[in-house]
Amino acid sequence: MSPEPEASRETVAPPKPAPRVFLLVVDQSPELKVALRYACRRCKATGGRIAMLYVTEPVDSTEWLAVGKLMAEERRQEAEQRLQELSAYVQLVTGDMPMLHVREGSAREELLAMLDEHPEISILVLGADTGPKGPGPLVTALAGKYSNRLRVPLTIVPGSLTDAQVDAIT
């Protein structure tokens, strides 16, 4: 009688978890710089990735269709240019190119739709204006009335933080 074959002793490594994806909403606000630095440093520390969403305002020009199309194209080009500028910074800090998204519509609604459509996004990072007008309409809406529609944690980064302060907390 021959001996029974031994069970394989090879160990199979468990599948590597998908990297955490930190989503930032890109605009022209000064607090974006602070939120971007925070997210990049967290990504670098945790092996995550950055995703950036730029939402352009829709053009309300039904009477002049050609002009409306031109305006929409110009807005998209501005969005792509802004994302490219910020991508260089992300790559410098994290060593990885970010995922880029451009949408047209309401920033709040497009952001919520994107979170629903992209399960790989694991955290939302927003910069908050620290001026007298409040943190900004998106932060106000998502931390308040629309918080029940978020499926990921929301990190609000005060726009008044210095680079040294961001570095200390990341």
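A short reminder: the numbers here are calculations on the coordinates, not readings from a lab. What you see is a predicted model; the values in this text were computed from it and never measured. Here Cβ is always computed from backbone atoms with ideal geometry, including for glycine, and neighbour counts include all displayed protein chains.
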(request) Examine the range 133-156 for a residue that is in contact with a Gly (Cβ under 7 Å, 6 or more places away or on another chain) and either basic (Lys, Arg) or closer than 22 Å to Cys43 by Cβ (or both), and state whether such a residue exists. (result) no
(message) Considering only the range 24-34, I want to know if a residue exists there that is over 22 Å from Asp167 (Cα atoms) and either in contact (Cβ under 8 Å) with a residue 12 or more places away in the chain or charged (D, E, K, R) (or both).
(response) yes
(request) Considering only residues that are in contact (Cβ under 8 Å) with a residue 40 or more places away in the chain and in a helix (DSSP H, G or I), look in the range 134-164 and name the one that is nearest to the chain's Cα centre (by Cα). (result) Leu138
